[in-house]
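In what follows, a single structure is set out as C-alpha cells and then discussed.
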Amino acid sequence: SSSESSSQGKPGADREQPRYETLVVTSEDGITKIMLNRPTKKNAVNLQMYQEIILALKAASQDDSTITVLTGNGDYYSSGNDLTNFTNTPPGEIQEKAKNSLILVREFVGCFIDFPKPLIAVVNGPAVGIAVTLLGLFDIVYASDRATFHTPFSRLGLHPEGCSSYTFPKIMGPTKATEMLIFGKKLTAEEACAQGLVTEVFPDRTFQKEVWTRLKAYAKLPSNVLRISKQVIRNREKEKLHSVNVEESSVLQGTVLSDEAVNAVMNFLSKRAKL
Amino acid sequence: SSSESSSQGKPGADREQPRYETLVVTSEDGITKIMLNRPTKKNAVNLQMYQEIILALKAASQDDSTITVLTGNGDYYSSGNDLTNFTNTPPGEIQEKAKNSLILVREFVGCFIDFPKPLIAVVNGPAVGIAVTLLGLFDIVYASDRATFHTPFSRLGLHPEGCSSYTFPKIMGPTKATEMLIFGKKLTAEEACAQGLVTEVFPDRTFQKEVWTRLKAYAKLPSNVLRISKQVIRNREKEKLHSVNVEESSVLQGTVLSDEAVNAVMNFLSKRAKL
Amino acid sequence: SSSESSSQGKPGADREQPRYETLVVTSEDGITKIMLNRPTKKNAVNLQMYQEIILALKAASQDDSTITVLTGNGDYYSSGNDLTNFTNTPPGEIQEKAKNSLILVREFVGCFIDFPKPLIAVVNGPAVGIAVTLLGLFDIVYASDRATFHTPFSRLGLHPEGCSSYTFPKIMGPTKATEMLIFGKKLTAEEACAQGLVTEVFPDRTFQKEVWTRLKAYAKLPSNVLRISKQVIRNREKEKLHSVNVEESSVLQGTVLSDEAVNAVMNFLSKRAKL
C-alpha cells in the first residue's frame, strides 16, 4: 500500500531508532513495524538478526505505538534459523558457537514472551522453523494464502523451540501438533487457520491492503486499554512459558552439541549447496 | 414450540418459584428454563436481572430438574451489561455504584462457575459483552444462525470478564481469542462454532424445535450420572476459574473507576441516545 | 496393502514376541503394529485383551521400532469395554469382579500415558467407549471416513475414563467435549477431525494404503530424535494425566459398584441379547 511505501521511504531517521542492517523498522499510525529484511536469503535469521530483533522489540515496547507488527520483506516471511551460521566455522569451534547461539535464541524467545503490547504477525509468505514455532506467542497472526508453515526439525536432529512444545498442543490439540512439530508435516495457510495457529487468511492479491487497513483501525483503540487486556490474557502464562523456553533450550543443547546433529546439519547444507 | 408456549402459560405458580420481574423461569420435562425477559431492551442485563439470575441459578441447582437452560425472549439473546444502569446516577455517585456493580457481577460469574448440573445456553439471537464471555462456562451452547457474538470492550475502556480471558484462549487459541476479546471482532454463529465456543448451529427457522427436541431427550438421561460426569470434567478447573474471576474483576475495578472509562461509557450512551 | 498381508503371514515368530490370543503384533519397517484381533466381537476389549495390550505396549517401548501403531482387525476399530465380561458372573461376585476390572483399566490407561515413543492410532472403523477416550493420549490419530466416535456412558450409568475428562475439553473445548462425553453424541470422522481429536481422515477405499505409506516414511526419521521430541511435548503433562486417571477410576469405582449401574449394564445386555 502507498502508506507502507512512504513509511519505508523515511526509515525512522528522526526517531532515534537504532540503525539495523537486517531489519527495516518504521513507526506510524500507532503501529511499529519490524520487517525482516534479508529477502535474498528468504529472511533467514542469522545471529545478527536475532540480536537486532531483540533490540527492536525492546524499543517498540517503550515507544508510543499501540501495536507492534512483525513481517517479512519479499516472497518469504522467514525461512527460520540460518543454518549457514555454522558453515564457515572451524570444526573445533562449532560446538562452542552452537552453545552461544542457543543462549541467544533463548533470550530472543523470552522477549516475545514478555512483550507487553499486542504483537501481530503479518505472514506474507512461507514460514519455516522458529518463524513458525514463535507464532504461538503472537496475539494475532494474519497470513497470505501463499504462506505455508513448516517445522522440519526431526530430519535435522533438532527439537521444537519457541515454546511450541507447549503452545501448539494447546492451540491445535496434541495430535495435530505432533504431526507438525515431530513429523514435519507442512501446513497450508488454510490448515493453519482451521487449527487456530493463524487468526485469518487473506488472498495474496489483497493481503497487504486488507491487513494494514484493519491494523490501522485497531491501532486507534485506546493504547492503555489494549495493553492491560493483553496482560490479563497473557500474564497468567508468562512464568510457565519462561520455564518451557528454558526446558526446550536445554533439551536442544543436549542434542545440538552431539556429533549426530552437527553431521545432520552439515549434510543438509552440503546437499543444498549442490543443487 | 407448543410445549414451550404452554410452559409459559403456567409460570410455575405451584412450584414455589420466586417471582421474577426480568426473567421467566419454568420447569418441566426435567428442564429448568431461565429466560431473559426484557425483549424491548434486547435483554440487557440490569442490576435487577443480575440478582434474579443468581436466585434462579441457586433454585435450579436444588430443584429436581436434570439440566438447566439459559435463553432470551425475543430477537436478542442478550445485549450484555445494561450501561444505562448509570445514566440516572448523579456524577458524584457513579464510582460507588460502579464498584458495587462489579462486586455483584463477580458473584454472578461465580454462580456459573459453581453450577453443579449441566448448563446449556440456547442462543436465540445476537449476544454481546458478558452474554458472550460467560459462554465459556456453559456445558453446551446451541446457537441460531441469526446469532452473533460481540465483545466490544476496548472502545468502552473495558476489559474481558466472565473468565473469558482464561476460557477463550483455551477454547479457540490465543490469536483468535485476542482478536475477539481485545480488538472487538464480531463472530458469526458459524465462526463461533468452528472455533469451539458454540457446540452446534441450527437454522433459525427450525432452531427452537430442533434444540428443544434434543434437550428433552438429553434430560431423560439419569440425572445423578450427568451431574457427577459434569463435575469430573469441570471441578478440576473450579479453583482456577474463581481466581480468574477475582483477577478480572480487580482489573476492571482499577479501570472502570477511572474518569476515562466513565467518560467513554457516557460518550457511547449519549451518541446512542441521539440516534 | 501387500506388505501388511505379508507381515501377518509371519507373525513375529522369530522376534521373541509373547504369544497373544486377542492381538496380532508384528514389527517391521521400524513400526510395531498392535492389531486388536477379535473381529467377530467388534474388537471389544475383554479382560485378557487389556492384559495383552499392556504387555504389547511394554514390549514395544523397548524394542527397536521407531513408532508404535494400534489398529483393529475387521470392520471395527473397537467397540470398547466388553460388557459381557460380567454376564457369566454370579450376582454375588459382580462387584468384586468390577472392582478388579477397574484396577486393571487404570493400569492399562497408565501405560498409554507413559508410552515413550510416538504412538499412532489407525482407526479403521467405528470406535466406542474406551477406544475413543484413549485417543487423547495418542500422538497421531488417522481415521477412515467409515470411522465413528461414540461414548455412550451416561445411559449405562458410567463416566468418562481414559483421561478424556481432561484431554477432550483441552482438545475440542468444553462445550463440544461435554455433548460427546456426557450426552453421548456420536461424531463422524470428519467432525472428530474438525475438533482436533483426529489428525486426518482418509477415504476408506485408500485408507490402509495411504496411511501405511505415510507411516513408513515417518518411521525413517531418527528414532532417538522422535522419542525425545515426544517427551518434550508430553512429559510436562504426565503427572497431571496420572492424577486424572486415578481420579476418574475412583469416581467410576463409586458408581460402577452401585446397584443402579449394574442394573443398567445388565438391562443393556439383555436388550441386546434379544435382538
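Derivation of every value follows stated rules applied to the coordinates shown; laboratory data play no part. Computed from a prediction, not measured in an experiment: that's the story for all the values here. Cβ placement follows ideal geometry from the backbone for every residue including glycine, while neighbour counts extend to all protein chains displayed.
The table that follows gives values for the structure above.
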read-out: For residue A:184, label point 7 Å along C-beta direction: distances to other copies, nm; value: 4.7, 4.7
read-out: Label 7 Å beyond Cα on the Cβ vector: residue B:238 copy-to-copy distances, nm; value: 3.1, 3.1
read-out: Cα-projected label distance for residue A:268 with residue B:145, points at 7 Å along beta-carbon direction, nm; value: 4.6 nm
read-out: Nearest-ten-degree value, helix B:223-256 long axis tilted from longest Cα axis of chain B; value: 10 degrees
read-out: Pairwise FRET efficiency - residue A:93 versus residue B:236, Cβ, R0 = 45 Å, nearest 0.05; value: 0.35
read-out: Region C:68-180: equivalent-ellipsoid semi-axes (sqrt of 5 x gyration tensor eigenvalues, Cα, Å); value: 24, 16, 16
read-out: Karplus-derived HN-Hα couplings along region B:159-172 (A = 6.51, B = -1.76, C = 1.60, θ = phi - 60°), whole Hz, x at Gly and Pro; value: 10, x, 9, x, 6, 5, 5, 9, 6, 5, x, 5, 6, 10
read-out: Computed [θ] at 222 nm, deg cm²/dmol, chain A (DSSP H ≥ 4; -39,500 (n - 2.57); rounded to nearest 500); value: -16000 deg cm²/dmol
read-out: Rounded if a/c under 1.5, otherwise prolate or oblate - region B:198-257, Cα gyration tensor axes; value: oblate
read-out: Cross-link pairs beyond the 20 Å C-alpha cut-off, checked among B:170/C:185; B:170/C:176; A:185/C:117; C:33/C:216; A:238/B:240; value: B:170/C:185
read-out: Other copies of residue A:95: label-to-label distances in nm, shortest first, labels 7 Å along the beta-carbon direction; value: 6.4, 6.4
read-out: Shielding by partners, peptide C:184-196 (average Cβ within 10 angstrom, other chains); value: 2
read-out: Cα gyration tensor category, rounded, prolate or oblate, for the protein assembly as shown with a/c compared to 1.5; value: oblate
read-out: Nitroxide proxy distance, nm - points 7 Å out along Cα→Cβ at residue B:103 and residue C:208; value: 7.0 nm
read-out: Relative compactness, chain C, computed as alpha-carbon Rg over 2.2 N^0.38 Å; value: 0.98
read-out: Mean separation of Cα contacts under 8 Å (6+ apart) over length of chain B, as relative contact order %; value: 18 percent
read-out: Note, ³J(HN,Hα) from phi for region C:120-134, Karplus 6.51, -1.76, 1.60, rounded to Hz, x at Gly and Pro; value: 10, 9, 10, 8, 7, x, x, 10, 9, x, 5, 5, 8, 4, 5
read-out: Euclidean distance of C-alpha centroids, region C:36-60 and region B:131-157, integer Å; value: 45 Å
read-out: Shape category assigned to region A:155-233 from the gyration tensor of Cα positions, a/c cut at 1.5; value: oblate
read-out: Residue mean of other protein chain beta carbons inside 10 Å, C:218-230; value: 6
read-out: DSSP bridge orientation in region B:122-275 - percent antiparallel, rounded to nearest 5; value: 20 percent
read-out: Shielding score for A:156-162, defined as the mean number of other chain Cβ atoms within 10 Å; value: 3
